[in-house]
Amino acid sequence: MSRNRMLGIEKIGRLLIKLSVPATVSMLVNALYNIVDTIFIGRGVGYLAIGGLTIAFPIQMLIMAASLMIGVGAASVVSRSLGAKNQERAEQAAGNSFFAVAVLGGLISLLGSALIHPLLRIFGATPELLPYAKEYLQVILIGSLYFPFVVSSNNLIRAEGKAKVAMFSMLIGAISNIILDYIFIFPLQMGIFGAAFATILSQFASAVFVFTYFRSGRSALQVRLRHLNPEWGILREITAVGLASFARNAAGSLVIVIVNNLLGVYGGNLAISVYGIMQRMIRFLFMPLFGIVQGMQPIVGYNYGAKKVDRVKRAVKLSLISATLFAMTTSGLVQLFPEQVIRLFSKEPELIKEGVYALRFVILMAPVVGVQIVGAALFQAIGKAVPSIILTLSREVLLLIPLVLIMPRFFGLTGIWVSFPLADFFAMLITTVLLVREMGIIVRLVKP
C-alpha cells in the first residue's frame, strides 16, 4: 500500500524529486567516472589510448543498448502491472528479464571475443589505435557476462519505487571504478589493461549488490524459480517496449562508428581522440537528463495504468522543465570554459586547440535535448513502442548520420562537428509535435 500511495497519491513534484534525485546523482557519478577514467588514461598512458577507448566505446554502447532494452521494457511492464494491481504479472516480467540477460551476457562475451579483430577494424581502428582498443575490449567482454544483469535490474528496482537502492548500486560501481582506475594505471602501471580490469571488477561489485538485494526479501518483486521460465508473450512485450532504448543506444553506436571512420579520413588519430573526450563530456551533460526521466517513468507508467491522466500530465511537464533547465546550465558552463575542460584530459597543445573548437559546436543545441529524451521516455512508460522508436531514430539515424556524411564534403572536419547541433535542433521539433499530439490522445481516451 505504501508504494501505491506514493506513486498514485503523493504530490507529483515531491514524488519526482524523490525518484529522480537518486537516479540523477547515480547518473552524474557514473558520467563522472567516465570522465575521470579518460583523464587517467590520457595523462597516464597518452592520447592514443584515448583514441583506442573511442574505438571500443561503440561496442560497449551496444552491450548497454541490449541490456537497457530488456531493463526498460521489463520496467514498463512491471510499472503498468503494479498500477493495475497485477502482482503475478509484474514478477513474471522481472523473472523473464533475468532469464533474458543471462542468455544475452553469454552470447555477447562469446561472439565478441571471437570477432574482436574484424569488429574493431569496422569500428574505425587505425593501425596505431588497434592495439589499445583490443587490449581494452578483451577485458571488457569478460564483464559482459554479468554487466547486463546490473543494467537491467536497476531499471526494475526503479520501477518498484526503490530509486535509492538503484542509486547505491551505481555508486558502488562508479566509486570503486575511480579508485581502482587510479591504483591500476598510476602506482601499478598497468596501462589500458588496468583501466579495463578496474571496470569489470567494479561492475562485479554492483552485480553482487543487486543480487543480494533481490535475495534479501526487501524487493516488492518476489521472483521465484517459476518466474524464470520464459513466457514468450511477456518477452515479446519487453522487447517491443524496450526496443526504443536499444535503438537509441545502437543508433548512437552506429553514429560513433561512422564518425570514427570519417574522422580518420578528415582529421586522423588526433581528431578521433578529441571525439572520445567529447563523448565523455556529452554523456556528463546528458546523463542527468536520463536520471530525471528514470524518475518520471514509474510515475507515468503507474498512473497511466491507473488512468490518472492529470498526474501523467503533471509528471511530464515537470520533467520537461527540469531537463531543460539542467541542460541549459551544464552546457552553458562548458561553453564558458571549454579550454579548461579539454586541458583536464591532455597537455597536448594540438589536441587542446582542436578540442575547444569542436566542443563549442557539438554542444551548441544541448539545451533542447531534454525535450527529446522526455518525449521518448513518455512513450516507453505508456507502452507505445513505435513512436518511441521514431523519436529515438529521428536524431541519430534520420538526421545525424546523413548530416555527418554530407557536411564534411563541403566543410571538411568542421562539417562533422556542425552536424551535431543541427540534428539536435530538428529532432527537438519532431519530438514536440509528437509529444503534444500524444498528450491530447491520452486526455481523450480517459474522458467519460
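For the pair Asp310 and Ala102, a Förster radius of 51 Å applied to the C-beta separation gives a FRET efficiency near 0.80, rounded to the nearest 0.05. Normalised radius of gyration (Cα atoms, divided by 2.2 N^0.38 Å) for region 167-243: 1.54. Within the listed set Gly143, Gly415, Gly301, the residue fluctuating most in the Gaussian network model of the chain (springs between alpha-carbon atoms under 10 angstrom) is Gly415. Within region 53-90, find all residues whose amide N lies under 20 Å from a label point positioned 7 Å from the Cα of Val386 along Cα-to-beta-carbon. What the label zone holds, given the 20 Å backbone N cut-off, is 73, 77.
Please compute the length gained on full extension between Leu429 and Leu201, using 0.36 nm multiplied by the number of residues separating them and subtracting their Cα-Cα distance. Walk me through the numbers on the way to the answer.
Values: separation 228, 0.36 × 228 = 82.08 nm, distance 4.20 nm.
Full extension of this stretch gives 77.9 nm more.
Applying 1/(1 + (r/R0)^6) with r as the Cβ-Cβ distance of Phe211 and Val436 and R0 = 35 angstrom yields a FRET efficiency of 0.25.
What longest region of the chain stays clear of trypsin sites (Lys or Arg not before Pro) that DSSP places outside H, G, I, E and B and that have at most 14 other Cβ atoms within 10 Å?
Details: sites that count: Lys11, Lys85, Arg218, Arg224, Lys307, Lys347.
With a cap of 14 other Cβ atoms within 10 Å, the longest stretch comes to 86-217.
Put a plus charge on the Cβ of each Lys and Arg, a minus charge on the Cβ of each Asp and Glu, and nothing anywhere else: the dipole of region 12-445 about its Cα centre is then about 1480 debye. Ordering Gln222, Leu434, Leu7 by the projection of their Cα atoms onto the charge dipole of the chain, which places +1 on the Cβ of Lys and Arg and -1 on the Cβ of Asp and Glu, puts Leu7 at the extreme positive end.
Go ahead and set up a Gaussian network model of the chain, Cα springs under 10 Å, then flag whichever of Gln222, Gln372, Gln380 fluctuates most. Maximum fluctuation in the GNM of the chain, among the listed residues, is at Gln222. Computed over region 168-312, relative contact order equals 12 percent, with contacts defined as Cα pairs under 8 Å that lie 6+ residues apart. Projecting the Cα positions of Phe345, Phe411, Ile389 onto the charge dipole of region 12-445 (unit charges on Cβ atoms of Lys, Arg, Asp and Glu, taken about the Cα centre) puts Ile389 furthest along the positive direction. Ignoring lysines fewer than eight residues from Lys162 along the same chain, the ones with Cα atoms less than 26 angstrom from its Cα are Lys11, Lys18, Lys85, Lys307, Lys308, Lys313, Lys317, Lys384. Rg/Rh, computed from the Cα trace of region 1-156 with Rh as the Kirkwood radius, has the value 1.09. The angle between the Cα long axis of helix 87-114 and the longest principal axis of the Cα atoms of the chain comes to about 20 degrees, rounded to the nearest 10. The alpha-carbon of Lys347 sits under 28 angstrom from the alpha-carbons of these lysines, leaving out residues fewer than 8 places away in its chain: Lys134. Counting only alpha carbon atoms, the long axis of helix 413-445 and the longest principal axis of the chain meet at about 0°.
Cα centroid separation, region 246-301 to region 136-166: 19 Å. Shown in residue order for region 249-264 are the 3J(HN,Hα) couplings computed by the Karplus curve 6.51 cos²θ - 1.76 cosθ + 1.60 at θ = phi - 60°: 6, 5, 5, x, 5, 4, 4, 4, 4, 5, 5, 4, 5, 5, 5, x Hz (x for Gly and Pro). The orientation-averaged projection of the convex hull spanning the C-alpha atoms of the chain amounts to 19.7 square nanometres.
Between the residues Ala49, Ser79, Ser26, the greatest Cα displacement towards the positive end of the dipole of region 26-142, with unit charges on the Cβ of Lys, Arg, Asp and Glu, is found for Ser79. For Gln279, the shell of other residues with beta-carbons less than 14 Å away shows a net charge of 0, using +1 for Lys and Arg and -1 for Asp and Glu. Could you tell me the center-to-center distance, by alpha carbons, between region 39-94 and region 369-434 in angstrom? Centre-to-centre (Cα) distance: 20 Å.
Below 8 Å between Cα atoms, with a sequence gap of 6+, how large is the relative contact order for the chain in percent?
Details: 750 pairs, mean separation 111.5, N = 448.
25 percent.
With the cut-off at 1.5 for a/c, could you classify region 295-389 from its C-alpha gyration tensor as rounded, prolate or oblate? Judged from the Cα gyration tensor, region 295-389 comes out prolate (a/c at least 1.5, a/b above b/c). With a Förster radius of 22 Å applied to the C-beta separation of Glu88 and Leu225, the computed FRET efficiency comes to 0.95.
Summing +1 for each Lys or Arg and -1 for each Asp or Glu, what net charge is found among the other residues whose Cβ lies under 11 Å from the Cβ of Arg248?
Working: positive: Arg395; negative: Glu396.
Summing Lys and Arg as +1 and Asp and Glu as -1 gives 0.
Against the longest principal axis of the chain, how steep is helix 191-216, in degrees 0 to 90 to the nearest 10, with axes from Cα atoms? The answer is roughly 10 degrees. The stretch between Phe193 and Phe337 holds 48.7 nm of extra length on full extension. This uses 0.36 nm per residue minus the Cα-Cα distance.
If you take every residue apart from Val316 with its C-beta less than 12 Å away from the C-beta of Val316, what net charge results, scoring Lys and Arg +1 and Asp and Glu -1? Provide the component values of the computation, followed by the final result.
Working: positive: Arg311, Lys313, Arg314, Lys317; negative: Asp310, Glu438.
Once all neighbours under 12 Å are counted, the net charge is +2.
Taking the Cα-to-Cβ direction at Thr414 and at Tyr357 and moving 7 Å from each Cα, how far apart do the two end points lie in nm? Distance between label points: 0.9 nm.
Rounded to the nearest 500, the 222 nm mean residue ellipticity of the chain from helices alone is -29000 deg cm²/dmol, with -39,500 (n - 2.57) taken per DSSP H run of at least 4 residues.
Using a 10 angstrom cutoff on alpha carbons, build the Gaussian network for the chain and name the most mobile of Leu16, Leu320, Leu225. With Cα springs under 10 Å in the chain, the top fluctuation among Leu16, Leu320, Leu225 is at Leu225. Spin-label pair Glu128-Lys347: with each label point 7 Å from Cα along the Cα-Cβ axis, the two points sit 1.9 nm from one another.
Each value in this text was obtained by applying a stated rule to the coordinates, not by laboratory testing. It should be emphasised that the depicted structure is a prediction, and the values quoted were computed from it without experimental measurement. Reconstructed Cβ throughout: ideal geometry from the backbone, glycine too, with neighbour counts over all protein chains shown.
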